[in-house]
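Just below is one structure, and these are the notes that go with it.
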Amino acid sequence: MPPVNKMRTALPGGLGGDTAPLPPARLRTALTVFFALDGFLFAGWVVRIPAVKHQTGATASALGLALLGVSAGAVVTMMLTGRLCRRYGSHAVTVVCGVLLSLSITLPAQTHTPLALGLVLLLFGAAYGGMNVAMNSAAVDLVASLRRPVMPSFHAAFSIGGMAGAGLGGLVAGGLSPSAHLFGLAGVGLLVTAVTGPALLRNRVAPGPGATEPTAPRPAAGARPPGEAREQPRGMTGRVRRVVVLFGVIALCTAYGEGALAEWGALHLTQDLHAGPGPAAAGYSLFALTMAVGRLGGTSLLERFGQTRTLVAGGVTAASGMLLGALAPVLWLALLGFAVAGLGLANIFPVAVSRAGALAGPAGVAAASTLGYGGMLLGPPLIGFLADWISLPVALTTVTLFAAVAAVLGCTARTATHT
């Protein structure tokens, strides 16, 4: 699933302040590492889902409910992390959540029942959600300080980290138990946090010129260059609220797809196409790779074609790719479908959330982000129940339906924002 912004860092003089700022380039590098680590650890867990399912003896529907713990834990934590960022600073909260995420990733492999798995995934999801909010808050401050739309590069790092985590998981899945693999990932996470964390703890970025609000929506790919007039947030009233909800539903549709690929993709390749652990892990790795490529080129895409065409084209591409990935009779075609779906989904969520923020400021970002996470909440149990009732491939075609809805809503959003 793609990270979301909720709050900015602590106000000057608050706890978590930094006394010896590093150059912005070094701080940007440190934040990029944390984004990549987040994707790396999450993907490392995702590729071991089939093995943990077998270990716990869960049915598809029971696994879906257990996986709901990740999203539920993340949503609950999002409500608290913003306050912690204001009090202690987003840099400090990012480092703490990096430690917690690294430790909690070891827990799923220690469970032997679906109930126990769901409970430990609540903890994993809480750490994951907290880290996403905190590091995005830090990135928003850095973007304001640099006065450059560099946010897509952070999200590309998340996707690249996911690709690396899935690729490594595929290499070791045949020779390492889930417990040994996840303990190894925990060690990597703690080491990276120990090496990179001090750079965040010593720094606080002052808002750039013109950044007068205590909170601000994150710039999307293709954001206006510094110096251009920006659309002023107009508050969450009347028509604006309806348009923000519209963008939030677009975010929900695409988050549903990201969650489905992450949590059910490897199982589909293993169970329905009889792929080994390595090829099954390659499905998410390809998905993450094409998302990274799409996000790296997101700025150019938006500048050339505009937001509406990017939303619509992305939805249509994702729908086509997922239809192929779900129903393909052979492994290589399914992998191709996953790759196409990742390319289509790459920039839809960031565009939707940033447009909501441009219309209604931080309240718009929060509303659209919450709806987006609703897609993550909806996906795992729905696909699990449909898989038990019909089949997993047919259940995965719901991603195609949601992506098509996102494309249609993208056209509707253009009309709504010009009336």
(message) Please report the spacing between the Cα centers of segment 239-265 and segment 174-205 in Å, no decimals.
(response) 30 Å
(request) Give the span of segment 56-134's Cα atoms along each principal axis, as three whole-Å numbers ordered largest to smallest. (result) 43, 20, 13
(request) Residues in segment 94-137, backbone N under 15 Å from the label point at Phe183 (7 Å along the Cα-to-beta-carbon vector): list them, ranges by number please. (result) 103-111
(request) Just check segment 34-76 against the gyration tensor rule for me: Cα atoms, a ≥ b ≥ c as the square roots of the eigenvalues, rounded for a/c under 1.5, and otherwise prolate or oblate depending on whether a/b exceeds b/c. (result) oblate
(request) With a 1.4 Å probe and every protein chain left in place, work out the accessible area per residue of segment 18-118 in Å², rounded to a whole number. (result) 37 Å²
(request) Using the Karplus curve 6.51 cos²θ - 1.76 cosθ + 1.60 with θ = phi - 60°, work out ³J(HN,Hα) for each residue of segment 380-392 in order, rounded to whole Hz, and write x for Gly and Pro. (result) x, x, 5, 5, x, 5, 5, 5, 5, 7, 10, 6, 5
(message) What does the net charge come to around Gly410 if you take all other residues with beta carbon closer than 14 Å to its beta carbon, with K and R at +1 and D and E at -1?
(response) +3
(request) Could you order peptides 280-286, 301-307, 153-159 by the average number of other Cβ atoms within 10 Å of their residues, highest first? (result) 280-286, 153-159, 301-307
(request) Mind checking the full-extension length gain between Val330 and Leu146? Use 0.36 nm per residue of separation minus the Cα-Cα distance, one decimal, nm. (result) 61.5 nm
(request) Provide the net charge surrounding Phe35, with neighbours chosen by a C-beta distance below 12 Å and charges set as Lys +1, Arg +1, Asp -1, Glu -1. (result) +1
(request) First compute the accessible area of segment 82-125 with a 1.4 Å probe, then give the percent of it belonging to carbon and sulfur atoms. (result) 73 percent
(request) Would you grab the residues whose amide H sits under 5 Å from the one on Gly297? Only those 5+ places off in sequence or on another chain, please, with H modelled 1.01 Å from N. (result) none
(message) When a/c reaches 1.5 or more, the comparison of a/b and b/c decides; with that in mind, is segment 235-311 rounded, prolate or oblate per its Cα gyration tensor?
(response) oblate
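The values are calculated or read from the model by the stated rules, or taken from the named source; none is laboratory data. Worth saying up front: this structure is predicted, and the values here are computed from it rather than measured. Cβ sites come from the backbone with ideal geometry, for glycine too, and all protein chains shown count toward neighbours. We work out accessible area using only protein heavy atoms, side chains counted, and drop any ligands, DNA or RNA first. Shrake-Rupley method; radii C 1.70, N 1.55, O 1.52, S 1.80 Å.
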